[in-house]
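Structure first, commentary second.
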Amino acid sequence: MPYDSGQRADVLYVEDDQDVAQMTIEVLSEVHTVVHEADVPSARARALQQRFDVMVIDRRLPGGDGIELVRSIRTARITTPILLLTALGAVDDRVEGLDAGANDYLVKPFDYGELLARIRALVRGYRAEQHRRMLGEWVFVPESQALYGPSGARVALTTTETALLDVLSASPEHVFTREEILGAVFHEGDTPGSVDTYVHYIRRKTVPEMIETVRARGYRVGQPT
């Protein structure tokens, strides 16, 4: 079934079985943008540095259990919906995954039509929740490229400013290095100085506390009043 452009999602897919991964990536890539990782450390690093609409994570992975990966993602305050793939059909195993922070699960072997349907449902719910994001007393609305101050005044943002603030606010506890922000927001050829420049632009339009500088490490979203 063809999708309209508004349904295309950025998917982090974590699976170590190359045969399964290749087939699943082919199916998902017809309608979504897919980033594939094959082990827990690589997937954790990717989840922290890049924003996704949904994550599809296998339970059994090299370098740790998928449950551990889900817990570490939630510990970092990343709210992206997670679909856990498991060959373990016991109720206790499914409950463990949901309690760790997964939003849904799918037992292997699964039908690709059902996988796509589960992803659509998770993405719809997540995008509905992302219309407004609280930053202290400010409201950030990424889709409108705008911030609303405590008084209700609207502050318009450029596309790059919106993308930068979106990345930071999606993982509020994570300190992003300039290199992470460059890779997630800017174009090839831009320098770390571009990050500093756009942080300055956002602070100038709002308040200095909108983005916090963590000395010798990078930036994270602040708690502006």
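Some values worked out for this structure:
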{"quantity": "Set Leu12, Leu61: member being in contact (Cβ under 8 Å) with a residue 40 or more places away in the chain and under 22 Å from Gly125 (Cα atoms)", "calculated": "Leu12"}
{"quantity": "Residue ID - nearest to Ala146 (Cα to Cα), chosen from residues in the stretch 175-199 that are touching a strand residue (DSSP E or B) at 6+ places or on another chain (Cβ under 9 Å) and crowded, with 18+ Cβ neighbours inside 10 Å", "calculated": "Val199"}
{"quantity": "Listing of strands (runs of 3 or more DSSP E) fully contained in the stretch 103-214 that carry 2 or more residues being out of contact with any Lys or Arg (no Cβ under 9 Å at 6 or more places or on another chain)", "calculated": "133-135"}
{"quantity": "Selection status of Ala9, over 20 Å from the mean Cα position of the chain (by Cα) and surrounded by 16 or more Cβ atoms within 10 Å (Cβ to Cβ)", "calculated": "no"}
{"quantity": "Residue identified as in contact (Cβ under 8 Å) with a residue 40 or more places away in the chain, within 26 Å of Val175 (Cα to Cα) and either surrounded by fewer than 14 Cβ atoms within 10 Å (Cβ to Cβ) or charged (D, E, K, R) (or both) among Arg132, Arg77", "calculated": "Arg77"}
{"quantity": "Qualifying residues in the stretch 90-121 (those that are over 18 Å from Leu61 (Cβ atoms) and of a type in the set (Gly, Ala, Ser)) - the one surrounded by the most Cβ atoms within 10 Å (Cβ to Cβ)", "calculated": "Ala121"}
{"quantity": "Phe140 being free of Cβ contacts under 8 Å to residues at least 40 places away in the same chain and not assigned by TED's automatic domain parsing to the domain that holds Val20", "calculated": "yes"}
{"quantity": "Residue tally, condition surrounded by fewer than 16 Cβ atoms within 10 Å (Cβ to Cβ) and among the hydrophobic types (A, V, I, L, M, F, W, C), over the stretch 135-151", "calculated": "1"}
{"quantity": "Filter pass, Thr86 being outside the structural domain of Gly66 (by TED's automatic domain parsing), among the polar types (S, T, N, Q) and either under 23 Å from Asp10 (Cα atoms) or surrounded by fewer than 16 Cβ atoms within 10 Å (Cβ to Cβ) (or both)", "calculated": "no"}
{"quantity": "Lone qualifier among Ile78, Ile82 - being touching a strand residue (DSSP E or B) at 6+ places or on another chain (Cβ under 6 Å) and closer than 26 Å to Ala184 by Cβ", "calculated": "Ile82"}
{"quantity": "Checking Ala163 against (1) closer than 20 Å to Val207 by Cα; (2) at pLDDT below 90, the condition it does not meet", "calculated": "(2)"}
{"quantity": "Hey, Glu96 more than 24 Å from Ala170 (Cα to Cα), outside the structural domain of Leu168 (by TED's automatic domain parsing), in contact (Cβ under 8 Å) with a residue 24 or more places away in the chain and not in a loop (DSSP other than H, G, I, E, B) or not", "calculated": "yes"}
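The values are calculated or read from the model by the stated rules, or taken from the named source; none is laboratory data. These numbers come from a predicted model, not from an experiment. All Cβ positions, glycine included, derive from the backbone under ideal geometry; neighbour counts span all protein chains shown.
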